[in-house]
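Undergrad: Take this structure, written in structure tokens, and hold onto it; I'll ask about it next.
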Amino acid sequence: MESEPPFQEIYKTLFVNFSEEGTNSESVHEKKPMILDEYEIPLVDLSRLSLCNLEQKEGKRELASAANQWGLFQVVNHGVSCDVLTRLQREQVKLFRQPFQNKALNSLADYYSWGAPNAATFMQFSWSEAFHIPLNNMPVLKEFNSNLSTTIAEFSEVVCELAQRIAEILAENVGCRSTFFAKNCQPSSCYVRMNRYPPCPVSSSKVYGMVPHTDSDFLTILCQDHVGGLQVAKDGKWVSVKPNPEALIIIIGDLFQAWSNGVYKSIEHRVVTNHEVERFSVGYFFCPTIETVIQTCKEPPLYRKFSFREYRGQVQEDVKTAGTKIGLSKFLM
């Protein structure tokens, strides 16, 4: 049986419309940023944070500057061992290589997604598949695959500590209480998303592996393979992020932009398709509990206070009614 999701079969109408529209359909993208070559985004060596005061101070400054100017950065000497990352990728590949029907019908089916339900345009459709695993449901994963469960648990434990550490540094930089994250962002409120981007036979810039979006969390910690494909919007241009096998990518999410009163930027990013090879990535999403209230400590506030439940509900409603996420603009004062 085929392991590939039946993208062109299930979304036949979408692809037929694309064929009929031809190049004229590109008009909806005329205002999209132009694309630059691969770019090495800011890289921070976290080992500096354990050195003398001067080195610590400079390392923290680099983190805050990258979060402000870019909305994402790379970190090395991050504490996640190569062994864990290698095992995680190996288990991830085995999971995705199962027959499609197995993925869609097994005990993890509730966490499996592909394409985009009810997509009416390519801006609502992603040529990818994913397992979205809430960390408070690890027993289900353990029952399904103990090796995968053990590896994700090891990965999540270290990455959770990394996320807390980075969040506290960024909070310190804006003069807000750093205990907020230790109190409200527990491991049980976070999740891991394993992504696979199959080779895409459709030769069009309209088809994305992941459509342009911002993340709805505080921080995303991303481990990507050597293939590349991640792009970020920077100064009106799409910048391709050059893969670094030694680095993890830290992406600022909507909640951190609101909490920091706009000091840190939730960056728009996307994944482009590859016609020849598949791409894998794993993201750790650093989220608060559902009832956590997001409110800046800085004056005057740019955003009204809101709960994470309210924000998620608004995003889901916008996607359902408007076909896309609108995000923080709906929460401006």
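The values are calculated or read from the model by the stated rules, or taken from the named source; none is laboratory data. Quantities reported herein were computed from a predicted structural model and do not represent experimental measurements. Ideal geometry is used to build each Cβ from the backbone, glycine not excepted, and the neighbour counts take in all protein chains shown.
Undergrad: Which residues, counting only those in segment 281-332, are of a type in the set (A, V, I, L, M) and either under 16 Å from residue 217 (Cβ atoms) or at pLDDT below 95 (or both)?
TA: 282, 290, 293, 294, 315, 319, 322, 326, 328
Undergrad: Another one. Residues of segment 199-219 being at pLDDT 95 or above and assigned to a loop (DSSP other than H, G, I, E, B), which ones?
TA: 214, 215, 216, 217, 218, listed by residue number.
Undergrad: Look through 148, 141, 162 and report the one residue that is crowded, with 19+ Cβ neighbours inside 10 Å, part of a helix (DSSP H, G or I) and in contact (Cβ under 8 Å) with a residue 60 or more places away in the chain.
TA: 162
Undergrad: Still on this model: For segment 95-137, how many residues meet the condition of being part of a loop (DSSP other than H, G, I, E, B) and aliphatic (A, V, I, L, M)?
TA: Number satisfying all stated conditions: 4.
Undergrad: Would segment 82-97 turn up any residue that is of a type in the set (Lys, Arg), closer than 22 Å to residue 197 by Cα and within 21 Å of the chain's Cα centre (by Cα)?
TA: The answer is yes, given that some residue of segment 82-97 is of a type in the set (Lys, Arg), closer than 22 Å to residue 197 by Cα and within 21 Å of the chain's Cα centre (by Cα).
Undergrad: Could you list, ordered by first residue, the pairs with Cβ atoms under 7 Å in which the first is in segment 59-79 and over 19 Å from residue 259 (Cα atoms) and the second is basic (Lys, Arg) and surrounded by fewer than 22 Cβ atoms within 10 Å (Cβ to Cβ), at least 6 apart or interchain?
TA: Here the result reads 59/48, each pair linking segment 59-79 to a residue that is basic (Lys, Arg) and surrounded by fewer than 22 Cβ atoms within 10 Å (Cβ to Cβ).
Undergrad: Could you name every one of the helices (runs of 4 or more DSSP H) located completely within segment 1-89 that has at least 1 residues being at pLDDT below 85?
TA: The helices (runs of 4 or more DSSP H) meeting that bar are 12-21.
Undergrad: Hey, another quick one. Of these, 258, 247, which one is over 19 Å from residue 44 (Cα atoms), in contact with a strand residue (DSSP E or B) (Cβ under 9 Å, 6 or more places away or on another chain), at pLDDT 95 or above and of a type in the set (A, V, I, L, M)?
TA: Of the residues listed, the single one that is over 19 Å from residue 44 (Cα atoms), in contact with a strand residue (DSSP E or B) (Cβ under 9 Å, 6 or more places away or on another chain), at pLDDT 95 or above and of a type in the set (A, V, I, L, M) is 258.
Undergrad: What about residue 256, is it part of a helix (DSSP H, G or I) and either surrounded by 21 or more Cβ atoms within 10 Å (Cβ to Cβ) or in contact with a His (Cβ under 8 Å, 6 or more places away or on another chain) (or both)?
TA: Answer is yes for this residue.
Undergrad: Here's something else I'd like to know. Could you tell me how many of the residues in segment 71-102 are among the hydroxyl-bearing types (Ser, Thr, Tyr) and surrounded by 17 or more Cβ atoms within 10 Å (Cβ to Cβ)?
TA: 0
Undergrad: Further question: Is there a residue being among the aliphatic types (A, V, I, L, M), over 12 Å from residue 184 (Cα atoms), part of a loop (DSSP other than H, G, I, E, B) and without any contact (Cβ under 8 Å) to a residue 60 or more places away in the chain anywhere in segment 270-283?
TA: The answer is no; no qualifying residue exists.
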